[in-house]
Every structure is written in C-alpha cells, then in structure tokens.
1. Where the second residue is in a strand (DSSP E or B) and the first is on the phi > 0 side of the Ramachandran plot and lies in segment 132-150, which pairs have Cβ atoms under 8 Å and are six or more apart or on separate chains?
2. Given the residues Ile132, Ile104, which is the only one that is in contact with an Asp or Glu (Cβ under 9 Å, 6 or more places away or on another chain), open to solvent by 80 Å² or more (accessible area, probe 1.4 Å), of a type in the set (A, V, I, L, M) and outside any strand (DSSP E or B)?
3. Would you please name the residue that is farthest from Thr29 (Cα to Cα), looking only at residues in segment 61-78 that are open to solvent by 40 Å² or more (accessible area, probe 1.4 Å) and either touching a Leu at 6+ places or on another chain (Cβ under 8 Å) or of a type in the set (S, T, N, Q) (or both)?
4. Can you name the strands (runs of 3 or more DSSP E) wholly within segment 145-229 that have at least 3 residues being under 17 Å from the mean Cα position of the chain (by Cα) and modelled with pLDDT under 95?
5. I need a count of the residues in segment 109-144 that are modelled with pLDDT of 95 or more and among the charged types (D, E, K, R).
6. Pairs please, first residue from segment 195-222 and open to solvent by 80 Å² or more (accessible area, probe 1.4 Å), second anywhere and aliphatic (A, V, I, L, M), Cβ atoms under 7 Å, 6+ apart in sequence or on different chains.
7. Can you find a residue in segment 178-187 that is at positive phi and open to solvent by 60 Å² or more (accessible area, probe 1.4 Å)?
8. Considering only segment 46-86, how many residues are in contact with a helix residue (DSSP H, G or I) (Cβ under 9 Å, 6 or more places away or on another chain), in a strand (DSSP E or B) and not hydroxyl-bearing (Ser, Thr, Tyr)?
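The values are calculated or read from the model by the stated rules, or taken from the named source; none is laboratory data. These numbers were taken from a predicted model, which means no experiment stands behind them. Methodologically, a virtual Cβ is constructed for each residue, glycine included, from the backbone with ideal geometry; neighbour enumeration extends over all protein chains shown. Note: accessible area is taken over every heavy atom of the protein model, side chains too, but ligands, DNA and RNA are not part of it. Shrake-Rupley method; radii C 1.70, N 1.55, O 1.52, S 1.80 Å.
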Amino acid sequence: MVKYNLFSTLSKYSLLVMFLLLSSFAFATHYRAGEILYEQITERRYKITVLTYTDPTSAADPSTTDVEISYGDNKKERINRTGRVFLSAKVVQNSYVTTHEYAISGTYIISIRDQNRVNGILNINLGNTEYIAFYVESVIRINSSLGPNRSPILTKPPIDNGCVQQVYYHNPSAYDPDGDSLTFELIPPKEDVGSEVPNYDTPQASNNYFKIDFNTGQLKWDAAIYVGIYNIAILIKEFRNNQFVGSV
C-alpha cells in the first residue's frame, strides 16, 4: 500500500499519495505520505526500506529520527533514520533501512504506525486529522518455489499538486525489477492493521470521475472542486506466473 498526500492549488493539484490544492491550514502534525519497499537477500532474510514524507516545518517533525517497524511475525524493532532529502520547503523524504530474517516461510505484513497525519485532510474525518495515526504496509510471501523477489519500485514520489476544475493525472510510475506483473487499485487509507481511517471519502470530482487504471496505475481526477489537502492509498500487487507474490 502506498500512501499518497494529494494537494491541489488554485493555479495547480496520500504506495499513500497526498494531493495539495493550496490552502492556509496550519499543520500541527507532520506525516503526509509513505511506502515500504522490500528486497529478498536470502531465502528468508529481507532488506526493508521505509520511506516517509513529512512536513519539516511541523514541531513534531524532529520525531522522525526513528520509526518502529512491525515485521508481521510478532517481532517489532525501532530503526534509525538513514537519509533525509528536502523535496520542497514543506515536504521532506525520510528513509529507514534495515534487514530482518523470518524463521519460517509464509505471508507477512510489514508495517509502520506513527502519530500523526497533517491536519486538514479534507477527505478523512471531515478534515479533523491531527490525531489520526499514519500507517502504511507491504505484504511479502516467502515460498522457495517462487524464487527471489523484490518489491515494485515507485519512481515518482507520492506527493503531487493539481488545479481545481482541471483534469488531473497522476501515475506512481512503478516497475517491477523482477519482471513480475503489477496491478493497481484504490483502497481506503488505514490507521492500523486491518483498520481504515474514520470517515474516508473518495475525493469529490465535478464530473464524478476519480479512478485508477488497474493495469497501468494511471489515476485520473475529473476534476477537483475544493482547494485543500487530500489523501488516497494505492495498493500495488505483484504476480508471477499468475501467483500473488507481494504488495506495496
């Protein structure tokens, strides 16, 4: 699952994406978007990379020096930040890299959950999002018959801008380094394992069109009505010989 933070501005537009439609919200908290990537090193050992996108002007942003990761096998660990890149004055990318070895084969949910999202996300809880936890997950399937596996790679950061009353397009530009087939679908963002955020609504569109192409990942929004911040989540699944092997 990729969380996107979608913004749209009067002149422009939360694997969540966050869309920015320029606004005057005072952000009390800091999480905008994020994703978890994985790479199989040995049969049951994985390199895991967590990417989060936060508001560096928030008083809460210094807490991003580490995050707690759940490996899905009843084990958790706090990992330190390994990189920090400013994408703009209001968006910084934080990276966290670790490795983990699973005791047995199986299917596992790798996840992070932290406090909190930026406030004022219009399509979650009527904009009251300051105290709603930020959560993203990926799924790995360990089976020796499947062969080694790496997650899909997203080449476009999950932060974007758009214009009200203009058709908006976004594509995470994902590819699979192993040549696996990918599918894309919109799902409600989550605040914990198996728990969706409260009062989620698909972003409103003047022509009632907000959809993603199942095969290409091309998102079309026709068209944004209100200036503000929006979150969506895109679930990217990978298949090998028609078998599910993982998701972001």
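1. Gly147/Arg240
2. Every option except Ile104 fails the conditions.
3. Asn74
4. 159-161
5. 3
6. Asn199/Ile124; Asn199/Leu126; Gln204/Ile225; Asn207/Ala223
7. Yes; the residues of segment 178-187 include at least one that is at positive phi and open to solvent by 60 Å² or more (accessible area, probe 1.4 Å).
8. Residues meeting the conditions: 3.
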